[in-house]
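Enquirer: Take this structure first; my questions come after.
The values are calculated or read from the model by the stated rules, or taken from the named source; none is laboratory data. Here the structure is a predicted model, which is why all the values come from computation and not from measurement. Here Cβ is always computed from backbone atoms with ideal geometry, including for glycine, and neighbour counts include all displayed protein chains.
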Amino acid sequence: MSPTPAVLDGPALWSAQAHIPSVLGRQLVIERGEGSFLHTTDGRRLFDGTAGLWHANIGHSHPALAAAAHAQMLKLETYHIFGRFANDQALGLAERLAGLSPITDPKVILNSGGSDAIDVACKLARRHWQREGRHSKTIILSREHAYHGLHAYGTSIAGLDFNREGYGTESLVPDTARVPVHDVDALTATIAELGAENIAAIVTEPIQGTGGVNPPAPGYLETLQQLCRKHDILFILDEVITGFGRTGTMFAAERFGLQPDLVTFAKGVTSGYAPLGGVLVAPRIWQPFYRGDAATPIFRHGATYAGHATACAVAVANLDVLDGDNLLHRVTELEQLLDSRLKQLAARRPSVTDVRVAGFLGGVTLTEDIKAERAADALIELGFISRPLRGNTLQLSPPFITTDDELTAFVDAIDHVLSEEETR
Ligand SMILES: Cc1ncc(COP(=O)(O)O)c(C=O)c1O
């Protein structure tokens, strides 16, 4: 028998999604941010080429958001929104979001982040059909390579199999199934096989993020929506990455002309200045819960920090910055620049097999002999943060305040790293 390996000595903090032996001793500890840059405790200054986990859209350490949090905490840190209680900030933010929503006349459920939002959307989809008396409609469909966070539902519908596996059953929450990424025929076949009478909803990111920056095949999302309507399946659009401007429109639903039944959001709603997420809900789903009679059902969901007043005040300040600084327009300019720079990169570097850009969101896929993990590490040494994604792909999704020169320097750094790797 081989001896049990020694337990490694590390900090008390258990890092997220980390292979601990690969991480210990080389952690990058961020202590300060300014605009598109970060500073580590060991004195590095790094360009945030991913906007953290696609969240820091307005850049780091913005004084207006700090001021909003400070002012709100001095007034009221928060108060819950259960039953007859509410707080003025949650009410105000929900009205503002309803006005921006791609769904007409939505209700807004607030919570603490993207995984939360996915849990709520999937629960509500199932609740909807139970309330309608269509009891067999319980299955949630998702797409291969999808990432919808890692709470119970996000884990269960994960299209990145390694996130779903290891819990003893096919999915943590029962009744889930996956379909290929862009394949309408396969989706149609799955619906026929499982039976539309058993399917509650389909969840999809408009542009897959963590799965490798995969924009939809032309017409795919529109057809998916049509199939949902035809088969009475709810259409849940996960806009946790794309919401609040990442694709140049407030929501990607606008870019692709979609009218989903439920939209999940998080990250960009506060640009990460406070943990906040939520779900936009279409009238056909919320109206039965708003009827005027005593038999009206209750949606049994909520959490202490749902509609957290300080988080909501920060979100409003963030939306003001997006609007006041015309950042959605800036995203459309940055998309064009990123697209042209990455196409040039692909033409120059034999190690690049594909580049994909949709909004200010780019993926650079590398040949198998050059590992995206290694390239990302080499980029850190040059002062740039990228991230290896599924499919040996590098992620580029900097803050919306990135200058043309900074973006060009980022792509040049990738070029440099790849040219070094190619000659190794
Ligand atoms: C599309 C998508 N959905 C959901 C989530 C989960 O969000 P959170 O990490 O805030 O729980 C993420 C996070 O990256 C995401 O990219």
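Enquirer: With respect to the numbered conditions (1) more than 16 Å from the ligand (Cβ to nearest atom); (2) under 21 Å from Lys267 (Cβ atoms), which one is the sole condition not fulfilled by Asp183?
Expert: (2)
Enquirer: Select from segment 343-370 the residues that are assigned to a loop (DSSP other than H, G, I, E, B) and either surrounded by 14 or more Cβ atoms within 10 Å (Cβ to Cβ) or on the phi > 0 side of the Ramachandran plot (or both) and list them in ascending order.
Expert: Restricting attention to segment 343-370, the residues satisfying the condition of being assigned to a loop (DSSP other than H, G, I, E, B) are 349-351, 358-361, 367-370.
Within segment 343-370, Arg349, Ser351, Ala358, Gly359, Phe360, Leu361, Thr367, Ile370 qualify.
Enquirer: For segment 184-224, how many residues are in a helix (DSSP H, G or I), of a type outside the set (A, V, I, L, M, F, W, C) and out of contact with any Gly (no Cβ under 9 Å at 6 or more places or on another chain)?
Expert: In the first step, residues of segment 184-224 are kept if they are in a helix (DSSP H, G or I); the result is 184-194, 196-198, 220-224.
If we keep only those that are of a type outside the set (A, V, I, L, M, F, W, C) as well, we get 185, 188, 190, 193, 197-198, 220, 222-223.
Filter once more, so that each one left must be out of contact with any Gly (no Cβ under 9 Å at 6 or more places or on another chain): 185, 188, 190, 193, 197-198, 220, 223.
Looking only at that region, the number is 8.
Enquirer: When both residues are 6+ apart or on different chains and their Cβ atoms are under 7 Å apart, which pairs have a first residue that lies in segment 112-126 and is free of Cβ contacts under 8 Å to residues at least 60 places away in the same chain, and a second that is more than 8 Å from the ligand (Cβ to nearest atom) and in a helix (DSSP H, G or I)?
Expert: Partner pairs satisfying both residue conditions: Asp119/Ala152; Asp119/Tyr153.
Enquirer: Please verify whether segment 279-290 includes one or more residues that are among the charged types (D, E, K, R) and under 16 Å from Gln395 (Cβ atoms).
Expert: no
Enquirer: Against the condition surrounded by fewer than 24 Cβ atoms within 10 Å (Cβ to Cβ), of a type outside the set (A, V, I, L, M) and in contact (Cβ under 8 Å) with a residue 40 or more places away in the chain, how does Thr332 come out, does it pass?
Expert: yes
Enquirer: Here is a further query. What's the number of the condition Leu124 fails, among (1) farther than 23 Å from Thr188 by Cβ; (2) within 14 Å of the ligand (Cβ to nearest atom); (3) aliphatic (A, V, I, L, M)?
Expert: The single condition Leu124 does not satisfy is (2).
Enquirer: Looking at segment 194-233 only, could you name the residues that are β-branched (Val, Ile, Thr) and under 30 Å from Asn392 (Cβ atoms)?
Expert: Across segment 194-233, the qualifying residues are Ile202, Val203, Thr204, Ile207, Thr210, Val213, Thr223.
Enquirer: I need a count of the residues in segment 230-263 that are more than 17 Å from Ala315 (Cβ to Cβ) and within 16 Å of the ligand (Cβ to nearest atom).
Expert: The qualifying residues number 12.
Enquirer: Being surrounded by 24 or more Cβ atoms within 10 Å (Cβ to Cβ), part of a loop (DSSP other than H, G, I, E, B) and either of a type in the set (Gly, Ala, Ser) or in the same structural domain as Leu262 (by TED's automatic domain parsing) (or both) is the requirement here; does Gly168 meet it?
Expert: Against the criterion (surrounded by 24 or more Cβ atoms within 10 Å (Cβ to Cβ), part of a loop (DSSP other than H, G, I, E, B) and either of a type in the set (Gly, Ala, Ser) or in the same structural domain as Leu262 (by TED's automatic domain parsing) (or both)), Gly168 does not qualify.
Enquirer: For segment 100-109, state whether one or more residues are within 15 Å of Thr304 (Cβ to Cβ) and within 16 Å of the ligand (Cβ to nearest atom). Talk me through it step by step, then tell me what you get.
Expert: Restricting attention to segment 100-109, the residues satisfying the condition of being within 15 Å of Thr304 (Cβ to Cβ) are 109.
Next, from what is left, pick out any that are within 16 Å of the ligand (Cβ to nearest atom): 109.
For segment 100-109, residues within 15 Å of Thr304 (Cβ to Cβ) and within 16 Å of the ligand (Cβ to nearest atom): present.
Enquirer: OK, next. Residues that are under 28 Å from Pro388 (Cβ atoms), not assigned by TED's automatic domain parsing to the domain that holds Leu319 and not hydrophobic (A, V, I, L, M, F, W, C): which strands (runs of 3 or more DSSP E) entirely in segment 29-119 hold 1 or more of them? If you could, list the steps in order and put the result at the bottom.
Expert: Working: elements: 30-34, 37-40, 45-47, 107-111.
So the answer is 30-34, 37-40, 45-47.
Enquirer: Now, a different point. Would you pick out the residues in segment 264-299 that are among the aromatic types (Phe, Trp, Tyr) and within 14 Å of the ligand (Cβ to nearest atom)?
Expert: Once the filter is applied, which keeps residues that are among the aromatic types (Phe, Trp, Tyr) and within 14 Å of the ligand (Cβ to nearest atom), segment 264-299 yields Phe265, Tyr273.
Enquirer: Could you check segment 127-154 and list, in sequence order, the residues that are more than 16 Å from the ligand (Cβ to nearest atom) and within 13 Å of Ile202 (Cβ to Cβ)?
Expert: Those that are more than 16 Å from the ligand (Cβ to nearest atom) and within 13 Å of Ile202 (Cβ to Cβ): Lys137, Ile139.
Enquirer: Still on this structure, please answer the following. Hey, could you check segment 39-80 for residues that are on the phi > 0 side of the Ramachandran plot and within 16 Å of the ligand (Cβ to nearest atom) and say which is surrounded by the fewest Cβ atoms within 10 Å (Cβ to Cβ)?
Expert: Filtering segment 39-80 for residues that are on the phi > 0 side of the Ramachandran plot and within 16 Å of the ligand (Cβ to nearest atom), the one surrounded by the fewest Cβ atoms within 10 Å (Cβ to Cβ) comes out as Gly52.
Table: residues versus (1) surrounded by fewer than 15 Cβ atoms within 10 Å (Cβ to Cβ); (2) of a type in the set (Ser, Thr, Tyr); (3) in contact with a Leu (Cβ under 6 Å, 6 or more places away or on another chain).
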position	(1), (2), (3)
Asp377	yes, no, no
Gly391	no, no, no
Gln395	no, no, yes
Asp405	yes, no, no
